Amino acid sequence: MQIQSFRVFCDLAETESFTKAAQINGVTQSAVSQQVSSLEKQLKVLLIERSKKKFRLTQEGQLLYESAKQIVQTFDTLLSRLQEVRDVVSGSIRVATIYSIGLHNLPPYVKRFLKAHPTVSVHIEYQRANQVYEDVLGNVVDLGLVAYPNKDPRLDIVPLRDETMVLICTPQHPLAKLKSVTFAQLQGQKFIGFEHDIPTRKAIDKVLRDAGVEVRMVMEFDNIETVKRAVEIEAGIAIIPLGTVTQEVSKHTLVSIPFSDTLPGRPLAVIHRRSKVLSPALKRFIEILKEPA
């Protein structure tokens, strides 16, 4: 009976999916089934109720999960401490990030980390915010990078920094000549926004609503890159983080205008499972993410 079998069974119990458990552990679904069957033979109990309708652990399966989880966490803690004693930073890091952070904020930090620790492999997946949370809680990834982090008792949140938010428009737009803009000046403007379930959209909606400003929402997208393209074709204006528009501003395809009214920054954070044992590599990666850009 090996630690890896316990690890696979815990991932299966938490994700309730043979497919996801296989993905997390880099094996086939058949291998997951075989490991579960092997555990059942060794323990002489049924661990999973075989039903096509819904995944469900038996009473014995639940007991094994609770005990196996403690064993796996203890083993991971031991490995982490052994690496710390030997001052070793190695292994792999799995990161899920929302598109804007992954495309604009993350690359220089990954470069800095890999330069210092070339033996560590970093795998990055670009997801919508809700999928980032799901992957972190399901142990599909080690860390998540999000904006406006949601509080969850199952998660630890590591604040990084707040991004300055600006108005963007084309150089030909009447607002482009202004050195700064007020919320009131957005009244009735054609607006390019994010989709309703995206945290940045919710935060912008609240700011405008509190200011008593109504804009004409003409397009909605799920990522910043598409929002910028829509603004470039003069479909409307938008509010996005300053750091995501530097390239367009330098090429003079877009203009960024600061707000003279108080506009809260967009908070960025790292999230990971509260029960997650952080290896030296994960700890160092988080430390670097917290450093100035």
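For the reader, a short list of remarks on this structure follows.
- Checked against the criterion of being assigned to a helix (DSSP H, G or I), in contact (Cβ under 8 Å) with a residue 60 or more places away in the chain and in contact with an Asp or Glu (Cβ under 6 Å, 6 or more places away or on another chain), the range 136-147 contains not a single residue that satisfies it.
- Qualifying residue in the range 37-55 (condition: within 29 Å of the chain's Cα centre (by Cα), under 25 Å from Ile224 (Cα atoms) and among the hydrophobic types (A, V, I, L, M, F, W, C)): no
- Residue among Thr74, Thr58 that alone is within 21 Å of Arg284 (Cα to Cα), of a type in the set (S, T, N, Q) and surrounded by fewer than 17 Cβ atoms within 10 Å (Cβ to Cβ): Thr74
- Scanning the range 101-128 for residues that are in contact with a Gly (Cβ under 9 Å, 6 or more places away or on another chain) and over 25 Å from Val27 (Cα atoms) gives His104, Asn105.
Results for (1) assigned by TED's automatic domain parsing to the domain that holds Phe259; (2) free of Cβ contacts under 8 Å to residues at least 60 places away in the same chain; (3) within 30 Å of Phe9 (Cα to Cα); (4) basic (Lys, Arg), shown as yes or no for each residue.
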site	(1), (2), (3), (4)
Ala176	yes, no, no, no
Phe191	yes, yes, no, no
Ile198	yes, no, no, no
Lys206	yes, yes, no, yes
Glu214	yes, yes, no, no
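- The set of residues in the range 246-269 that are buried (at least 18 other Cβ atoms within 10 Å of the Cβ) and part of a loop (DSSP other than H, G, I, E, B) comprises Leu254, Leu263.
- Top-ranked residue in the range 84-106 [being in a helix (DSSP H, G or I) and in contact with a strand residue (DSSP E or B) (Cβ under 8 Å, 6 or more places away or on another chain); ranked as nearest to Ala281 (Cα to Cα)]: Leu106
Listed here are the residues, each with its yes/no results for (1) in the same structural domain as Val140 (by TED's automatic domain parsing); (2) more than 24 Å from Asp135 (Cα to Cα); (3) not aliphatic (A, V, I, L, M).
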{"position": "Arg7", "(1), (2), (3)": "no, no, yes"}
{"position": "Thr15", "(1), (2), (3)": "no, no, yes"}
{"position": "Ile24", "(1), (2), (3)": "no, no, no"}
{"position": "Leu43", "(1), (2), (3)": "no, yes, no"}
{"position": "Leu63", "(1), (2), (3)": "no, yes, no"}
{"position": "Glu66", "(1), (2), (3)": "no, no, yes"}
{"position": "Ile71", "(1), (2), (3)": "no, no, no"}
{"position": "Thr77", "(1), (2), (3)": "no, no, yes"}
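- Test: residue in the range 37-48 that is under 28 Å from Ile93 (Cβ atoms) and out of contact with any His (no Cβ under 7 Å at 6 or more places or on another chain): no
- On inspection, Tyr109 passes the criterion of being of a type in the set (Phe, Trp, Tyr), surrounded by 15 or more Cβ atoms within 10 Å (Cβ to Cβ), at pLDDT 90 or above and in a helix (DSSP H, G or I).
- Check on Ala281, outside the structural domain of Leu137 (by TED's automatic domain parsing), touching a residue at least 24 places away in the same chain (Cβ under 8 Å), surrounded by 17 or more Cβ atoms within 10 Å (Cβ to Cβ) and among the aliphatic types (A, V, I, L, M): no
- Residue that is nearest to Gly138 (Cα to Cα) [pool: residues in the range 24-42 that are buried (at least 17 other Cβ atoms within 10 Å of the Cβ) and touching a residue at least 24 places away in the same chain (Cβ under 8 Å)]: Ile24
- Candidate set: the range 118-132, residues that are touching a helix residue (DSSP H, G or I) at 6+ places or on another chain (Cβ under 8 Å) and part of a strand (DSSP E or B); chosen: the one farthest from Pro107 (Cα to Cα): Val120
- Any hit, the range 278-291, residues being within 17 Å of Leu103 (Cα to Cα), more than 20 Å from the chain's Cα centre (by Cα) and of a type in the set (A, V, I, L, M, F, W, C): no
The values are calculated or read from the model by the stated rules, or taken from the named source; none is laboratory data. Not measured: the values here are computed from a predicted model. Cβ coordinates were reconstructed from backbone atoms using ideal geometry, including for glycine residues, and neighbour counts include every protein chain displayed.
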